[in-house]
Structure formats: C-alpha cells, structure tokens
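The values are calculated or read from the model by the stated rules, or taken from the named source; none is laboratory data. Bear in mind that the values here come from a model prediction, so they are computed numbers and not experimental data. Methodologically, a virtual Cβ is constructed for each residue, glycine included, from the backbone with ideal geometry; neighbour enumeration extends over all protein chains shown. Protein only, heavy atoms only, side chains kept; ligands, DNA and RNA dropped before computing areas. Shrake-Rupley method; radii C 1.70, N 1.55, O 1.52, S 1.80 Å.
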Amino acid sequence: MNIQDVNRALPASTVPLVPTAGGPAVTVPTKKNSAADIAATEIFQGFRAWRVWTILGWDDIRQRYRRSFLGPFWITLSMGIFILLLGVIYGRLFHMDLSTYMPYLCVGYIVWGFISAVTTDSSGAFHEGSRIIKQIKLPYSIYILRTVWRNFIVFLHTIVIFIPVAIYFKVVPNWNAFLAIPGLFLVTVNVIWVAAALAIVSTRYRDIQPIVGTIVQLMMFATPIMWPISSLGNASIVAEINPIYHLIEIVRSPMLGAAPELRSWLVACGLAIAGSLLAAALLVSKSRRIVFWL
C-alpha cells in the first residue's frame, strides 16, 4: 500500500499525507493538542479510517497465504482435525458423551483461538507497522484494529467448523442462538482494549511479548475450554473467577442452544467498560512516545 492509497482510504476530514521529494511522507504541522483532541484522533479517527485497517488486514492474510492452494482454509482444516482428535481423546478421559462434548469443545476452542491470537499478535502490532509509523502520521488505533480485523477474518474461516459438527451431533438451534451476536461483539470489544494495552506496553518493554505468549499457553489449560466446569465439582469458583471463561461462555452457550448466565454478561460488560477506559487513557498518555520506542 502506497501513500496515495492511504490518502484515498482516510476520512475526508483527515489531513492528507504529503510525500516529500526523496524522503518520507510528512503531515501538515499542527498545534499541540489537548488530551481530548488526542483521544478523538487516536480512537475515533482510527475507527473512521476503517478502510485503512481493513485493507491492511486483508493484505496481511493475502501475504501470509500467498501461492497457497487452500489459503486461510488451511487453518480451518488443521483446526478441524485438531478438534476432532482432541474431542475423541478428552471425551474418553472425562467420560463424556461425544454428542455433548464435541460441540462444547468446538465452539470453545474456536472462540479461544480468536482471543489468544489477538492477544499474542497485539504484542507486536506497532513493531509490525513500524515502517509506516516512522513515515506516516496515522492514528495508532489503526494498527491495533488491523491486528484484530486480521484475526477476526481467521475466526470467520474457523467458525464454519461448527456447522458440520452441529449437523452430525444434532445440535438443534433455537432463539438463544441470536445471543451469540452481542456475545461476539463484547468479546471483540474486550480483545480490542487488551490489544491496545499490550501493544503499548510491549513496544516500551520488549520482554512483555514472550511473557504474554507463556501466559496465553497457561490460560488455555486453566480455562474451561477442553474440560467442562462441572469436572471441578465444588471448586468451580476457580473457573468462575476467570474472566476468559465468561467471554467464551457468552458465545458458546447461545450456539449450543442455552442462554448464558447473567453473571457472564455482567463480567463481559464490566471488563469492556473498565478496560476500554484504561486502554484509552494509556493510548492518550503514551501516543507521543510510541514512535521513539520503535
């Protein structure tokens, strides 16, 4: 993507980028902005420039699977095989009926895949876009939304695995299935603020990225994804204090025909509000320093 493409994709109210002769692009100098102006630029202008981060996200997918026969559907195939093998093995370990366990595992693992992929990739969001950041003045939220959008595309490729699973194991859809839409929206809001916070902190402290990768691996086994919460017995509080469990549950339960508990909705909404405020404050306070950390 060149500078002219970015100019066309930016909202009309955004100051266009001016390529200099033989040098990087620059923007028209502006006066020092207040915190409110920075918040409006970094957050709202980032969402308004949706053409930029959607194009960047699509380009990432195309480059990743360039000259590939199946393209991103390789992820669908590999995850489908993984879920099948994991379902057969863990279903026997937990002595669960496959008709119940396989759909439970399928939806839970796919949603977890979206959350974990965004969390892991967000640590390098600004490093990945460092060449653009050093040449073009764009809202930093664009690089965060690029990461989320790219992984959401992968999520859309993998969620189709649930269709044959639901048909084979006779998962009967009902009106509760529509609750998965606001559930997925809340999951997306939460991964956006997590991605923003991690992107900023990881840019400043390079040790954060491997730490995040380790924590994500541990949380996969500490969250009711491959095992049901009922297996904990009286110790179910271990899962209930895990916010990731509630984020997965507000999508998984509706797709399995059940309504999520009110507690899960409250946890997801509370996280979305508090986390978004935290990420916005962090982005506003550190936005002038990010380019110097790269």
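Annotations for the structure displayed:
- Any chance Arg206 is in a loop (DSSP other than H, G, I, E, B) and open to solvent by 50 Å² or more (accessible area, probe 1.4 Å): yes
- Lone qualifier among Gly257, Gly213 - being more than 23 Å from Pro173 (Cα to Cα) and not β-branched (Val, Ile, Thr): Gly213
- Residues of the stretch 214-231 that turn out to be in contact (Cβ under 8 Å) with a residue 24 or more places away in the chain, part of a helix (DSSP H, G or I) and more than 14 Å from Met96 (Cα to Cα), as a count: 3
- When Ser253, Ser264 are checked against the criterion of being at pLDDT 90 or above and touching a Pro at 6+ places or on another chain (Cβ under 6 Å), Ser253 stands alone in meeting it.
- From the list Gly87, Gly113, the one residue that fits, being closer than 25 Å to Tyr143 by Cβ, out of contact with any Ser or Thr (no Cβ under 6 Å at 6 or more places or on another chain), surrounded by 15 or more Cβ atoms within 10 Å (Cβ to Cβ) and among the small types (Gly, Ala, Ser), is Gly113.
- Residues that are β-branched (Val, Ile, Thr), touching a residue at least 60 places away in the same chain (Cβ under 8 Å) and out of contact with any strand residue (DSSP E or B) (no Cβ under 6 Å at 6 or more places or on another chain) occur in the stretch 232-244; there is at least one.
- Pick from the stretch 141-180, criterion basic (Lys, Arg) and in a helix (DSSP H, G or I), ranking: farthest from Ser276 (Cα to Cα): Arg150
Rundown of residues vs (1) of a type in the set (D, E, K, R); (2) open to solvent by 50 Å² or more (accessible area, probe 1.4 Å); (3) under 25 Å from Cys106 (Cα atoms), yes/no style:
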position: Ile241; (1), (2), (3): no, yes, yes
position: Glu249; (1), (2), (3): yes, no, yes
position: Ala258; (1), (2), (3): no, no, yes
position: Leu266; (1), (2), (3): no, yes, yes
position: Gly270; (1), (2), (3): no, no, no
position: Ser276; (1), (2), (3): no, no, no
position: Trp293; (1), (2), (3): no, yes, no
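- Any hit, the stretch 263-275, residues being among the aromatic types (Phe, Trp, Tyr), part of a helix (DSSP H, G or I) and within 26 Å of Leu93 (Cα to Cα): no
Residue-wise test of (1) of a type in the set (S, T, N, Q); (2) within 25 Å of Gly213 (Cα to Cα).
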| site | (1), (2) |
| --- | --- |
| Lys137 | no, no |
| Phe162 | no, no |
| Val171 | no, no |
| Asn176 | yes, no |
| Leu186 | no, yes |
| Val189 | no, yes |
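- Only a single item in (1) open to solvent by 40 Å² or more (accessible area, probe 1.4 Å); (2) in contact with a Ser or Thr (Cβ under 9 Å, 6 or more places away or on another chain); (3) at pLDDT below 90 is not met by Ala235, and it is number (2).
- Residue within the stretch 176-191 that is of a type in the set (Gly, Ala, Ser) and crowded, with 19+ Cβ neighbours inside 10 Å present: yes
- The stretch 39-53: number of residues that are open to solvent by 20 Å² or more (accessible area, probe 1.4 Å) and modelled with pLDDT of 75 or more: 8
- Restricting attention to the stretch 117-169, the residues being open to solvent by 20 Å² or more (accessible area, probe 1.4 Å) and polar (S, T, N, Q) number 4.
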